[in-house]
Amino acid sequence: MRISHLGHACLLVEAAGTRVLVDPGTFSTGWEELTDLDAVLVTHQHPDHVDVEKLPALLEGNDGALLRAEPETAASLAGSGLGADGDVDLAALHPGDVLQLGAVTVRAVGGRHASIHAEVPRVGNTGLVVSAPGEPVLFVPGDAYDTTPEGVDVLALPLNAPWATSAMTVDFLRAVAPSTAVVPVHDALLSPAGRRVYLSNLARLCGDVDVRDDGGHGTHEL
């Protein structure tokens, strides 16, 4: 499995001959010109996870790529006209759904975005468990720490968010307990110095985990 972190929450996952783009949002760069994608998956509707202005051009350059999104997000994208003329295969990805992309299996989990504040409405959030024969199992939780699937080898760990504390991040990492590695994501709000502080906390409190630090943008072979 090859995972390219394209900034913040965006990942290009390549496994078993399949290319899947996850959460191409406004804080991420380098995904706009990608080609040969088999699917684009969106965990939830917040702009840092889906750039609704640039997404149509990406799909136009990837004819035949599926677009699957958390149900509220899929409805919003459809309401904006995306896929109205049949040129985009857009559908909702509900928790519990299983999406087959060649030899790659994507299992949808979770359901709700983490709480930011009692006065901020919670939106839907669909986490993704990605697997293929002979490949590590990748878990992309989106913006939530309340779902901890078993058998995870690689965790795309949200490092910083308005809805999370460092204690929550550590406890989530310990609960998922990935067997192989952690790829830190969701870090665009951090300065370089701040990012080092977060990572040092993980090293101190979860020292037995292989944290693949890419500085916020890089590629990991797993």
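The values are calculated or read from the model by the stated rules, or taken from the named source; none is laboratory data. Please read these numbers as outputs of a predicted model, since none were measured by experiment. Here the Cβ is made from the backbone with ideal geometry for all residues, glycine too, and neighbour counts use every protein chain on show. Areas reflect the complete protein model, heavy atoms only, side chains present, ligands, DNA and RNA absent. Shrake-Rupley method; radii C 1.70, N 1.55, O 1.52, S 1.80 Å.
Note on segment 114-139: residues that are surrounded by fewer than 16 Cβ atoms within 10 Å (Cβ to Cβ) and closer than 13 Å to Leu222 by Cα total 1. Where strands (runs of 3 or more DSSP E) fall wholly inside segment 1-113, the ranges with 1 or more residues that are over 15 Å from Asp143 (Cα atoms) and open to solvent by less than 10 Å² (accessible area, probe 1.4 Å) are 2-5, 11-15, 18-22, 39-42, 66-69, 104-112.
No other residue among Ala39, Ala57, Ala9, Ala75 is touching a Lys or Arg at 6+ places or on another chain (Cβ under 9 Å) and small (Gly, Ala, Ser) apart from Ala39. Would you confirm whether or not segment 176-195 contains a residue that is open to solvent by 60 Å² or more (accessible area, probe 1.4 Å) and of a type in the set (Lys, Arg)? Checked segment 176-195: no residue is open to solvent by 60 Å² or more (accessible area, probe 1.4 Å) and of a type in the set (Lys, Arg).
Within segment 114-134, the set of residues being assigned to a strand (DSSP E or B) and of a type in the set (A, V, I, L, M, F, W, C) comprises Leu128, Val129, Val130.
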